[in-house]
Amino acid sequence: MPKSDDSPETSLPRREPPIGFGQWNSEEVRRVGGEVIEILADYLAALPERPVQPPLPADVATRRSIPAPGTASTADAVLAEFREHIAPYPFGNGHPGFFGWVNSPPDVMGIFAELLASMMNPSCAGGQHAAIELERQLVGWMREMFSFPEESMGLFVSGGSAATLTALVVARHVKTPFDVRQEGLQSNPRPLVAYLGLDAHTCATKAFELLGIGRKNLRVIANDADGRLDPRELRARIRADLDRGDTQPFAIVASAGTATHGSIDPIDAIADIAAEFDLWLHVDGSYGAPAILAPAYRERLEPLKRADSLALDPHKWFCAPVEAGFVLCRHGAAMRDSFRLVPAYIREDDDRADAPFWFSEWGLQQTRGFRALKVWMLWKHHGTAGLAEAISGDIVLAEYLADLLRGDPEFELWEPQSLSIVCFRHVAPDGTPEEVDDHNRRILGQVQARGQVFPTSTSIRGRFWLRACIVNPWTTRREVDLLVQTVRETGARLSDKAS
């Protein structure tokens, strides 16, 4: 006779949850969750009155050496430590006076979405669950936004760097005249060669290095007078490589909004060249591609539909919390062929019409977070019209800043100004180019230290420029005016000291 489940021989002692794991009943979740929301609300409300990037006190910096905790702490103690030692010292990108790099504030609906995504904590490798279907829906939205064909495919990744790497893996797979996955690049009789602009993001160079192309096989194409990749030189360099015959051109990387000064490469002309020589065209639209929603840039970005692949960063101009990158590939079947390697424990029958969908077959990651939810929730919350309005507003503010600087004898403005980036210099009286560079370096350090506004810098044609990038829907003319005023006053003070 079988023994009962509660017999002494078969029963096991009831497992008690470890310390910390066992505290969470519904009442405690509501109580601590309410405290988290209070922290969030207080943090956002206080941002405009705080320094943009507060200096990190020595006692906070040295906390990195604190050993791992051996015993449990209460939720209240952990939140108190966050309030005191972490929240007051942010990167600064939530502040309306932050003009640095290309870092937006997180959208509040996106913040809530991060919480809900973490609550579900699914693996988005694939399967039959809501997170997968939602990401597939977003692939369709992205496809529609950029007029990509129905057979195109995309997926969420960590950011533009991962998106570019993913896209160029597909490019290498498609354009290599043998099975590169099986044979490796060691079987290639001629080195692969790729072409990219002078101001292409460094993630493209990293991707080519990781793919085994080698930096010596990259052709950096000079800019035209407007700071864009020059199609005439591009065609000439490709033709020269083909005529020489000892290398194999395979890919071009163009930019839809460089991080340097926001320039948009002539995508249509570059797409013509890619078609002429049968090369893969990847466009880095991590920053600028969403400006296709803005009427002022719709026509200029419409040729993105001709790209073979496109990198996007919703954690930039969509204000999604980091990390949220996206790669869109015109050739969905080729994308799958580049990555598909299905473990036996996952798939028994992948030919059924109702078989689960696996994003892991289109990219590098197996286990993937629920990144799509934050983009979906903020897109639903604002609508395409709301996103377009926010992006257009940033562009108008950048044009306002350029108008303030243009023609002012105290400033030099980089032209043409593009998208929401403005590059400028305070002019040191009678200074050499090197002295003007040093003058603006000192201005930058002092302006950032004051904490009211936070520009950064860039290099254009070997010279040092101040740079302001506006990707914050909370930024207003007040912060723009303050930026000009602060740079002007700081520059004048430094000039007086020098004289």
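Overview of results
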item	result
Flag if Arg232 is crowded, with 21+ Cβ neighbours inside 10 Å, more than 23 Å from Thr176 (Cβ to Cβ) and not β-branched (Val, Ile, Thr)	no
Among residues of the stretch 272-326, those that are open to solvent by less than 10 Å² (accessible area, probe 1.4 Å), under 24 Å from Pro105 (Cβ atoms) and in a strand (DSSP E or B), counted	4
Enumeration of residues in the stretch 456-476 that are of a type in the set (Phe, Trp, Tyr) and either under 15 Å from Leu413 (Cα atoms) or free of Cβ contacts under 8 Å to residues at least 12 places away in the same chain (or both)	Phe464, Trp465
Positions within the stretch 240-260 being touching a strand residue (DSSP E or B) at 6+ places or on another chain (Cβ under 7 Å), in contact (Cβ under 8 Å) with a residue 60 or more places away in the chain and surrounded by 24 or more Cβ atoms within 10 Å (Cβ to Cβ), in sequence order	Ala251, Val253, Gly257
Hey, Pro55 surrounded by 13 or more Cβ atoms within 10 Å (Cβ to Cβ) and within 30 Å of Thr458 (Cβ to Cβ) or not	no
Residue count for the stretch 179-204, restricted to those that are acidic (Asp, Glu) and under 19 Å from the mean Cα position of the chain (by Cα)	1
Qualifying residues in the stretch 139-157 (those that are over 23 Å from Asp337 (Cβ atoms) and touching a residue at least 12 places away in the same chain (Cβ under 8 Å)) - the one surrounded by the most Cβ atoms within 10 Å (Cβ to Cβ)	Met145
Hey, Pro90 open to solvent by less than 60 Å² (accessible area, probe 1.4 Å), part of a loop (DSSP other than H, G, I, E, B) and in contact with a Lys or Arg (Cβ under 9 Å, 6 or more places away or on another chain) or not	yes
Elements of type helices (runs of 4 or more DSSP H) in the stretch 169-249, at least 3 residues being modelled with pLDDT of 95 or more and farther than 22 Å from Arg340 by Cα	202-210, 231-244
Residue match in the stretch 480-496 (condition: at pLDDT 95 or above, open to solvent by less than 30 Å² (accessible area, probe 1.4 Å) and acidic (Asp, Glu))	no
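The values are calculated or read from the model by the stated rules, or taken from the named source; none is laboratory data. Just so it is clear, the model here is predicted, and its values are computed rather than measured. Counting neighbours? That spans all protein chains shown, and the Cβs are built from the backbone with ideal geometry, glycine included. Only protein heavy atoms, including side chains, enter the accessible area calculation; ligands, DNA and RNA are left aside. Shrake-Rupley method; radii C 1.70, N 1.55, O 1.52, S 1.80 Å.
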